[in-house]
Amino acid sequence: MKAIITVVGQDQVGIVATVAHELAVLNINIVDISQTLMSQNFTMMLSAEWDETQLSFEQVQTRLTKLGTQQDLTIHIQRQAVFDAIQKL
């Protein structure tokens, strides 16, 4: 499975590390990553992939949503194919 994950929130120490750690625990590979900071607003977008026979998209979505709630971040995940189709519109 290939997916795009976005993370948005107030800047705080450790956002990248926290998200990367959660993905590592889930055995999800970060293929590409970009982040920016404007004023105190943090935004990160990353491309990730994993073996969907071991972990479903819905399971990943649930874990990332929970992490976002715990860290006061908005974390959104979208299948790569859906992201690509929307970008072509």
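Throughout, read-outs are computed from the coordinates displayed, never taken from laboratory work. Just so it is clear, the model here is predicted, and its values are computed rather than measured. Because the Cβ atoms are built from the backbone with ideal geometry, glycine has one as well, and the counts that use them run over all protein chains shown.
Is one or more of the residues making up region 10-28 over 11 Å from the mean Cα position of the chain (by Cα) and within 24 Å of Ile86 (Cα to Cα)?
Looking for residues that are over 11 Å from the mean Cα position of the chain (by Cα) and within 24 Å of Ile86 (Cα to Cα), one finds none in region 10-28, hence no.
Out of region 45-89, which residues are in contact (Cβ under 8 Å) with a residue 60 or more places away in the chain and farther than 17 Å from His21 by Cα?
Just the residues of region 45-89 that are in contact (Cβ under 8 Å) with a residue 60 or more places away in the chain, to begin with: 68, 71-81, 83.
Within region 45-89, Gln78, Arg79, Gln80, Ala81, Phe83 meet the criteria.
Which ones in region 17-35 are loosely packed, with under 15 Cβ neighbours inside 10 Å and within 16 Å of Asp72 (Cβ to Cβ)?
Ala17
Quick check on region 36-52: of everything there that is of a type in the set (S, T, N, Q) and not in a strand (DSSP E or B), which residue is nearest to Gly9 (Cα to Cα)?
My answer is Gln40.
Test each condition in (1) surrounded by 11 or more Cβ atoms within 10 Å (Cβ to Cβ); (2) of a type in the set (A, V, I, L, M); (3) not in a strand (DSSP E or B) for Ile4 and report the one that comes out false.
(3)
Would you point out which residue out of Ile33, Ile77 is assigned to a strand (DSSP E or B) and within 17 Å of Met1 (Cβ to Cβ)?
Ile77
So which residues in region 36-56 are surrounded by fewer than 16 Cβ atoms within 10 Å (Cβ to Cβ), within 16 Å of Ala3 (Cα to Cα) and not hydrophobic (A, V, I, L, M, F, W, C)?
Glu49, Asp51, Glu52, Thr53, Gln54, Ser56
For the structure I just gave you, tell me whether Leu55 is within 17 Å of Ala24 (Cβ to Cβ), in a helix (DSSP H, G or I) and among the aliphatic types (A, V, I, L, M).
So Leu55 does not fit the description; no.
Can you confirm whether Gln80 is out of contact with any Leu (no Cβ under 9 Å at 6 or more places or on another chain), surrounded by 15 or more Cβ atoms within 10 Å (Cβ to Cβ) and not hydrophobic (A, V, I, L, M, F, W, C)?
Yes, satisfied.
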